[in-house]
1. Which condition number in (1) at pLDDT 95 or above; (2) out of contact with any helix residue (DSSP H, G or I) (no Cβ under 7 Å at 6 or more places or on another chain); (3) open to solvent by less than 70 Å² (accessible area, probe 1.4 Å) is the one that Ala147 fails?
2. If you go through region 102-122 one residue at a time, do you hit one that is surrounded by fewer than 16 Cβ atoms within 10 Å (Cβ to Cβ), of a type in the set (Phe, Trp, Tyr) and modelled with pLDDT under 95?
3. State all residues of region 171-207 that are open to solvent by less than 20 Å² (accessible area, probe 1.4 Å), over 14 Å from Ile227 (Cα atoms) and either out of contact with any helix residue (DSSP H, G or I) (no Cβ under 6 Å at 6 or more places or on another chain) or among the charged types (D, E, K, R) (or both); if no residue qualifies, say none.
4. I'd like to verify a number: residues in region 153-192 that are assigned to a strand (DSSP E or B), among the hydrophobic types (A, V, I, L, M, F, W, C) and in contact (Cβ under 8 Å) with a residue 60 or more places away in the chain, how many?
5. Residue by residue through region 56-65, note down the ones that are surrounded by 15 or more Cβ atoms within 10 Å (Cβ to Cβ) and either part of a loop (DSSP other than H, G, I, E, B) or of a type in the set (D, E, K, R) (or both).
6. (1) open to solvent by 50 Å² or more (accessible area, probe 1.4 Å); (2) under 17 Å from the mean Cα position of the chain (by Cα); (3) at pLDDT below 95: which one isn't true of Glu210, the others all being true?
Amino acid sequence: EGQFDPLSHLAQFAPEEGEEEIKEEDCVLTFGTANSKLSHFGATSFSLPAGYTCPFADVCKSVANRKTGKITDYGEIRCFQTPLEAIRPSVRASRWNNRELLHNKTREEMTEIISKSIDYHEFAVRPIQILRVHDSGDFFSQEYFDAWLEVIRTRPGIVFYAYTKSLPFWKKRKDEIPTNFRLIASSGGKADEMIEQEKFRQAIVVSDMEDAIERQLNVDVNEFLAI
């Protein structure tokens, strides 16, 4: 009595008569450990299936089949997360479970499940100081982007950051981004023209250190510049 119940929002998932019982881990979003160089800072990451949830991906558009892991490339380069999904069925399953829990939900419903899942992770695993939104995947709709904004506003003690090609969603809420949410435009998408138009901070992929020096770019080796 009076004990914290991080799964109180899951009554809607109660099994019908004759159905298999639903496990707790199937009903909350899964978070992982972010960049190993940041792990000692309590860095955490959230992921969705690469490609399938990236509506504005272009040069890096690729997917790993949900069942077989077979990779299909649509762009000039392969998303670095797709091979991981291809060779690790557990990673693929976790990301697809995240996607299914958010699929066809309203903004209010997505806000609730993201918030409750963060509660659950902090209760069952560890506190979060830094959270990377989308190690893989991206903001797949305006409603989903807005749901994250609502959650982030209620978590001033956590620094959130995300690389994104979903620039139209960002543009629409440009003046409403919480101060603890660091967004970085990822070039190579279908809406790249917005980066210059809106003066979005951006990340550029280079081939090596010499390329970065020649282009006079700062090199972010551990995500600190992004954060």
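1. Among (1) at pLDDT 95 or above; (2) out of contact with any helix residue (DSSP H, G or I) (no Cβ under 7 Å at 6 or more places or on another chain); (3) open to solvent by less than 70 Å² (accessible area, probe 1.4 Å), the lone unmet condition for Ala147 is (2).
2. No, region 102-122 has no match at all.
3. Once the filter is applied, which keeps residues that are open to solvent by less than 20 Å² (accessible area, probe 1.4 Å), over 14 Å from Ile227 (Cα atoms) and either out of contact with any helix residue (DSSP H, G or I) (no Cβ under 6 Å at 6 or more places or on another chain) or among the charged types (D, E, K, R) (or both), region 171-207 yields Gly188, Gly189, Ile195, Phe200.
4. 1
5. Result: Phe56, Asp58, Val59, Cys60, Lys61.
6. (2)
The values are calculated or read from the model by the stated rules, or taken from the named source; none is laboratory data. Everything numeric here is computed off the predicted structure, so don't read it as measured data. All Cβ positions, even for glycine, are placed from backbone atoms using ideal geometry, and neighbour counts span all protein chains on display. When the accessible area is computed, the model is the full protein with side chains, heavy atoms only, and any ligands, DNA or RNA have been set aside. Shrake-Rupley method; radii C 1.70, N 1.55, O 1.52, S 1.80 Å.
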